[in-house]
Structures are given as structure tokens and as C-alpha cells.
Amino acid sequence: MMRSRIKTLLLPCAAVMLLHSAWAADPPAPPADPAGPPTAVDIAKLKAQLDEQQKLIEQLRAALATQQKMLEQIVVASTTHAAPERKSQSLGETASAVPMILPAPVTTPARAPLTFPDPLPARPAAPQPAAAAPMSSPLQIRLGDIGITPVGFMDATAFVRDKNPGSGIGSSFGSIPYNTGATGKLSEFRFSPQNSRIGFRVDGEYKGARFIGYNEFDFLGTSGSNAIGVSNGGFVPRLRLFWVDVRKDQFEILAGQSWSMLTPNRKGISALPGDVFFSQTIDVNYMAGLTWTRQPGVRFLYHPNDQVTVGLSLENPNQYIGGSAGGSSIVFPAALTGLSGTQFDNGLSTGTNTAPVGAAAPLATPNLHPDIILKLAFDPNPHVHFEVAGIERTFKDWNITTGTPTSGQRFTKVGAGGSVNGNFEITKGFRLITNNYWSDGGGRYLFGQAPDLVVRSDGSISPIHSGGAVEGFEWTVGNTLVYGYYGGIYIGRNVALDANGTTLVGYGYRGSANSQNRAIQEGTIGLNRTIWKDPKYGALNFMAQYEYLTRDPWSVIANAAGLYPPKATHDNTVYLNLRYTLPGAPPPVK
């Protein structure tokens, strides 16, 4: 049946081809007398021939339409009665399973061969536009109307210290070991990937408002494994940044965990890491004397023009008495030691609340209101950034030893601080850096190296004077960035008498522990060399840093063996780092 249908389809096609050959091979004869004009008889003959050709063309079109309908019917019939498909087919088998079927024939009345004029030359096909070369690596991922940009880098860090503070990849500014113990006599060497970071940035616009979402993790979280240096380097991810920023016209709002607005900026009052000054060091604790933290909050910004930004930030408060990141701790009056870790954060305990096994205990210290930060930034041109900032904090406690258990005495005290910061490009590629901070109760923002306050015997609060500075330069020469900084922290003395009238408490008194630091200083130099960089493939950098760190306590007392350590101690650290930075770039600002 199938073969007969194929034959009937082939016959008319062959007939059409023969007719076309005959027409093409036998064009109409020219007029009999080429020297004279064509006669009316000649014109009539030509018109008759053209009419006959038009009729034949219409008949051929009708025949082709009939053949197409028959072909569709045959394909449907053959598909319906085809053998059942195998359960397992490869791509090639599936692609070749459709049969090739010729159209069915169409009978037409026999006609005498006609002569046609020479066919017109075929019109050349219009040139097709060249296909655009596909991008080998997009700079960002498009999802609807938003752009998602990967951010982060992968670090392989090696460091060596001539002391062994046991602080890991970051320097322990406030607890450099003295030379009288094993930690001060032995050196330390480590490899670490912990400074690697991963995250993403989301950019978009909605009804005229531009928004940015930013997320960033590193691997410096506290690990619950005791085998982290034995058989499993399972370093724990840690949330660094997680915020959203929306700007429309002159107004801007940011909410989430970001760099504190008290942290110096390189540009405006932007929360993007590239616009914040936290130095170029490899040390993950950055610089002694740098004012910074990353914490939740909300900030409101106003841009009267492109050169000036005004900001108000409400950020997470914390009544801090030292003890974090090697920082100095205060001494409480004997009757009020129970306030440590409950009403004041000692950097070691987060309160008396019980948390499930494996989970961090909640922060239980009370706070009266958020820390309030104001900042005014000037950027008259790309070569100059200057800013002033201020902070207000309020502390409050309850003396449970006075009155009845339900009627203790409450004390409130206000603390404040301010900073003046700037960076200035004095020649091409060479910038001078200056950051200066002083406070009365703002020690927590010096990387926790200074306590905020001391508590007197009656439970009243007295803020501690403290301040810090980072001065230096950054110089870009070709593919290399060279930098040098000096940083310093000063923590003031604040002494009180215990209830017995003779025992000294507080901070920095004569005979206090040699962990109560008076000054911490750091000098560092380093370089960052870009080996290669490509927007499609990322960048590879080699980095090196040398750090010299000293700390000087208020008082030196003998250790258990009766030995007096020197008045000050120091540490030498060398960092080497290889960094691969992920490719990607955010969309341009419209």
C-alpha cells in the first residue's frame, strides 16, 4: 500500500519537471522581422501564450496543495500504526525514528507543451546578519529585572609569629605573651584558608528607587570540633555582612548587618566594602587603633548634592567591660561581681540563659537604647575624602545589693565619642590616610581592646576614656599596591575604692593585673601584587605583610614563680597570602 502511494506521488512530480525542462529549453521565437515593429497579430499571440501559462501555474498550485494534504494524512496514518516505541532509546535513535514519506500524486489533464520565455535570474538572497558571539563569561547573572553578582575570594594564607598567643590567623593585640612563659618563648606557624569569603550582591530598580542587597561570609566562625588541626580542617562559616540599601533621589536607607557607620569611609557613607576603610592588611583583625565593628542596625542618609552626605545610624548596643579578642577587663567591687556576664558583657559569657547543646548562648546583657551615630562626609572630588562622626551611648545597671531584692538602686550614665578621618590623593596613585578617634565610654569600637566603663562600689557607672588612631599611606605603582600604617590605642586609668574603703577596683590602678593595657601600638608594611586580572576569569594576587606589635600595661606584677615580666612586650608577624578573586562586576549606576 505504501509503495503504491509513493509511486502515485512520484509520477506528477516527474511530469512537472519534464514540462519545466521543455519550457526552459524552447523559449518563444522573436518577431519575424527584427527590423520592423511588432504587429498586432504578434502581440495577440504573446498574450494568448501568457494567459495559457498563468492557467497552468494555477493548476500546478492546486495540485501541490492537494499533495500536501495527502502527505499529512499519510504521516498521521503511519504514526498511528507504527510499531510501539522502545523503552530505552539513545538520542540518535530517537532523532532517526521519524520515517521519510514522499507526497501522494495528483492527476492533471494532459496539455500540449508550451514555450516560455527565459526565466528571470533568481534574486540573490538577502545577507543574513552575523550571529553575535556568545559571551564566554557573563559579568553578572540576570534574573528578571535584577542583577546578581557573585562576590568573594579564596585565600591560602601562611603566617609565622615569634610568640605563640594561640589567636589563629588574626593578631591578638591586647594579649601578646610576655617572655616569662612558654607562649612567649615559642614561635607559631600556620596555614589557613579562613580568610576566604563568599557571597553575592543584588542590584535592581523599582519605581525610580535603586536598591542593593549584599551578603558576605568568611570562615572564621567558632568551631565545635577539637580535631580541627588534627584530622579535619572543618572551619565554620561566619556571617559578615547581610544588608539591603534603597536610594531614591536624595534619600537613602540601609538596614541589616553592615560595617558600623563609625568605621572610616573611603567614599561618602557607603556600606559597600570597597568604600570602607579597614586597611589593606592580610591580618583579619586589621589594625590596632582602627575604629570598627560589624553589627545590625538601620541608617538614614541624605545627599544634598554629589559632594556631601549626612547620615544617622541606630546600631546594636552592648555594655562592654573587656575580655573579648584579648582585650583588657575591669575589676568589679567584691559585692558586685555577679554583674559580670549578666548586666555587662565580659567577652566570655553571654549570660545565664541556657542554650541547646551546640548552639550559642543568647546575648543577655541589658541595653537602654541603640547606639546613636551621626556622620558628615565630604567628597569634593575623587582625590579627597573627609569626614567627621560622633556617637552617643547610654549605660544602665541595677545594684541588687541595695534595698530589698525587688527595690535595688538603678544607675544610668551617658557615654560619647567622636572621630575625624580622611584620605587624600596628593599625587597620582599615592594616598595619605588619617583616622582619629577619642571617646568617653566607646572602647568597644576599638575592636574590643578597651572596656567601656568601670562600676563603683555603690553600683554607679563611670565611663573609661579611650582612643585610637591609624595613620599611613597607600601607593599604587603599576600592578602593585604598597602600604604602610601606624596604629595605636590608648586606654585611660579609672580607679575606684571598694566598699571596705581600702581595696582598689576598676582599671589601671597600682597593682592591677598586667593584662590591663595602657597602650597598644602597631607598625606594619606590606604589598599586594596583581599577577593577572580579567573581568571574565577573575584575578590572582600575591600579598605579603610584616607586622610589629607592642603592648604596655598600666602595672606589672609578679607571676606565680615570683618573676616580674618586662614593662612591655612585642611580637613580630609575617603574613604571605595567595588570593584568587571571583569574576563579576555590578551594573553601572544610572
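We did not get these values from a lab; they are worked out from the coordinates using the rules stated. All values reported here derive from a predicted model rather than from experimental measurement. Neighbour counts run over all protein chains shown; Cβ positions are idealised from the backbone, glycine included.
Taking a Cβ cut-off of under 15 Å around Ser187, the surrounding Lys, Arg, Asp and Glu residues balance to a net charge of 0, with basic ones at +1 and acidic ones at -1.
Quick check on my link table: of Lys163/Lys413; Lys428/Lys533; Lys185/Lys396; Lys185/Lys533; Lys375/Lys567; Lys375/Lys396, which ones sit more than 31 Å apart, alpha carbon to alpha carbon? As for pairs spanning more than 31 Å Cα to Cα, those are Lys163/Lys413; Lys185/Lys396; Lys185/Lys533; Lys375/Lys567. Partner lysines whose Cα lies under 16 Å from the Cα of Lys55, excluding those fewer than 8 positions away in the same chain, are identified as Lys45, Lys47.
Judged by the mean number of other Cβ atoms found within 10 Å, the most tightly packed of the peptides 305-312, 270-277 leads the ranking 270-277, 305-312.
Shown here for segment 475-559: trypsin sites (Lys or Arg not before Pro) in loop regions (DSSP other than H, G, I, E, B) with at most 15 other Cβ atoms within 10 Å, namely Arg510, Lys536. Computed 3J(HN,Hα) for segment 188-198, one whole-Hz value per residue from the Karplus formula 6.51 cos²θ - 1.76 cosθ + 1.60 where θ = phi - 60°, is 9, 9, 9, 9, 7, x, 5, 7, 4, 9, 8, glycine and proline marked x. Packing around the peptides 498-508, 326-336, taken as the average count of other Cβ atoms within 10 Å per residue, puts them in this order, highest first: 326-336, 498-508.
Put in order of Cβ neighbour count within 10 Å, fewest first, the listed residues Phe473, Phe219 become Phe473, Phe219.
Counting Lys and Arg as +1 and Asp and Glu as -1 over every other residue whose Cβ lies under 14 Å from the Cβ of Gln307, the net charge comes to -2. Database remark: amide H of Gln295 closer than 5 angstrom to the amide H of Ser258, Ser260 (H placed geometrically; neighbours at sequence offset of 5 or more, or on other chains; Pro and chain starts carry no H).
Summing charges over neighbours of Thr281, with a neighbour being any other residue whose Cβ is under 12 Å away from its Cβ, gives -4 when K and R count +1 and D and E count -1.
Ranked by the mean number of other Cβ atoms within 10 Å per residue, highest first, peptides 166-175, 185-194, 446-455 order as 446-455, 166-175, 185-194. Each Lys and Arg contributes +1 and each Asp and Glu -1, all at the Cβ; summed about the Cα centre of segment 380-440, the dipole is approximately 100 debye.
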